[in-house]
Amino acid sequence: MSEVLRLTEHRPQRGVPLTTAQAALLTMSKLVTVAPEPGGGWCVTADREMVGAIRLSSAQTSIDLTITPKLPVRRLFFLLGHARKGVDWHRHTTSVQEQQELVPAIAHAFARMCERALNQGVLQGYSTIEESATVLRGRLRTADQIRHRFGQPLPAEIRYDDHTVDIPENRLLLAATRKLLRERDLAPATRALLRRILVRLDGVSPLVYGQSLPAWRPNRLNSRLHSPLRLAELVLGSGSYEFKESPGLRVDGLVLRMWQVFEDFVTRALADALRPTGGRCLTQDRRFYLDHAKSAKLRPDFVYEPPGSHSPSGVVDVKYKQVKGAKGNTGDLYQMLAYCTRLGLPEGHLVYAAGPGTATTRHHLHGEPGVTIHQHVLDLDTEPEALLPQVDTIADAIHPGQEQSPCS
């Protein structure tokens, strides 16, 4: 029987009764910080900006770890939905509000999306099949026939296109469904919906562990599956990639990196706000280096280029942390100064997830002509409808006086 440990993001839990093996397992996961307490027990803090539910196991012990985000689930869903275009959350707002935990809420939303999409029938498509057969079908793979059959006519190495349910879209849905069914805290209704999805996807082959996820392209034929497919990619892409440096650690579950959720939301919302200007919005721009030898690469979170120009006029870096009041975070100011110096910009923008108030603070740095860094704080505790106008204010500071033309 696994030990069950429930934490809240950035909130220390004291007096946790752990064995030495369990404390070592949590430390190995790098999801939490574990420290012994003088009076006995352990202090465990989820301070690595990770949330979700995951089972950690080794040869000695196992732990079911749940980390609840500081944000209410409904607001986190808004950030996720806006950051990942194609996920239609608004139809599931009521059911999300009823969920207190992140992973059960994601599982319920996914099950409802799949149910609605598959009620119209399971999507079929053409898949290329290569196999050995006693009857010629499609085309003969001549090179393989000679290589493997040494001139014998049968069995024949053939290739043909088959109209089947075993296509990338359905394989993603099946894999996400099976993964979510392994979660421990699902409501009976959610579990029943997920099991019905397994029945509907009969004939779809499971994904092979360790292989890349199958690629799919949004089109008119699979439009009804866009939302569940985007969510399936989120579920399948949030597993053991964080734990490759610990070969003795086995993991299974769903973990979200909150800093990436926040960064994706801000950069996507800024791009949408700046779309009418006609400029280019680039994320994680890798074109620039700090030194002439090109050994120190820069990667700003967001770069804006005005229409008709290939030179940036605005740079933004996103921080999922609390700003230290009007004094600012010195390390972040250094980082933005490097961006502005290399890009030749007089101003830069830092966007934080928390701080004392939401008013913009300006830091005028020494130098000639000097650099001004604008320090913005988004109020994530506000209602989702009031959050986007805050991003619009930052966009206006990056490019005041927008013109109406299509943005790339």
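Okay, here's what the table says:
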quantity	calculated
GNM flexibility winner over the chain from 120, 145, 284 (Cα, springs under 10 Å)	145
Cα centroid of region 328-373 to Cα centroid of region 259-292, whole Å	16 Å
Extension reserve of the residue 187-residue 219 stretch, reckoned as 0.36 nm per residue once the Cα distance is removed	8.2 nm
Cα-based Kirkwood hydrodynamic radius, the chain, one decimal, Å	24.5 Å
Calculated FRET efficiency for the pair residue 162/residue 142, C-beta based, R₀ 35 Å, to 0.05	0.95
Simple Cβ-charge dipole of region 90-223, Lys/Arg +1 and Asp/Glu -1, about Cα centre, in debye nearest 20	80 debye
Among 29, 223, 295: highest mean-square fluctuation, GNM of the chain, C-alpha pairs under 10 Å	295
Gain in span if fully extended, residue 57 to residue 4, counting 0.36 nm per residue against the direct Cα distance	17.9 nm
Computed over the chain: relative contact order in percent, which uses C-alpha pairs under 8 Å that are six or more apart	13 percent
Cβ charges +1 (Lys, Arg) and -1 (Asp, Glu), total dipole of the chain, debye	900 debye
Förster radius 60 Å - calculated FRET efficiency between residue 383 and residue 21 (Cβ-Cβ, nearest 0.05)	0.85
Cα-based Rg and Dmax for region 163-304, where Dmax is the largest Cα-Cα distance (Å)	19.5, 60
Viscosity 0.890 mPa s, temperature 25 °C, Stokes-Einstein D of region 118-185 from Kirkwood C-alpha radius, µm²/s	168 µm²/s
Virtual spin-label span in nm between residue 309 and residue 132, 7 Å along Cα→Cβ	6.5 nm
Most mobile listed residue (305, 131, 263) in the chain, GNM with C-alpha springs under 10 Å	131
Of 331, 148, 109, farthest towards positive along the dipole that unit charges on Lys, Arg, Asp, Glu beta carbons give the chain	148
Whole-Å distance, taken between Cα centres, linking region 47-67 and region 151-195	27 Å
Leading residue at positive end of dipole, the chain (Cβ point charges), from 135, 180, 279	135
Residue 150/residue 195 FRET efficiency (R0 45 Å; Cβ-Cβ; nearest 0.05)	0.40
Two-site label geometry, residue 365 and residue 124: point separation in nm, points 7 Å out along Cα→Cβ	6.2 nm
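Every number here is computed from the coordinates shown, using simple stated rules; none is lab data. Everything numeric here is computed off the predicted structure, so don't read it as measured data. In this analysis, Cβ positions are derived from the backbone assuming ideal geometry, glycine residues included, and neighbour counts consider all displayed protein chains.
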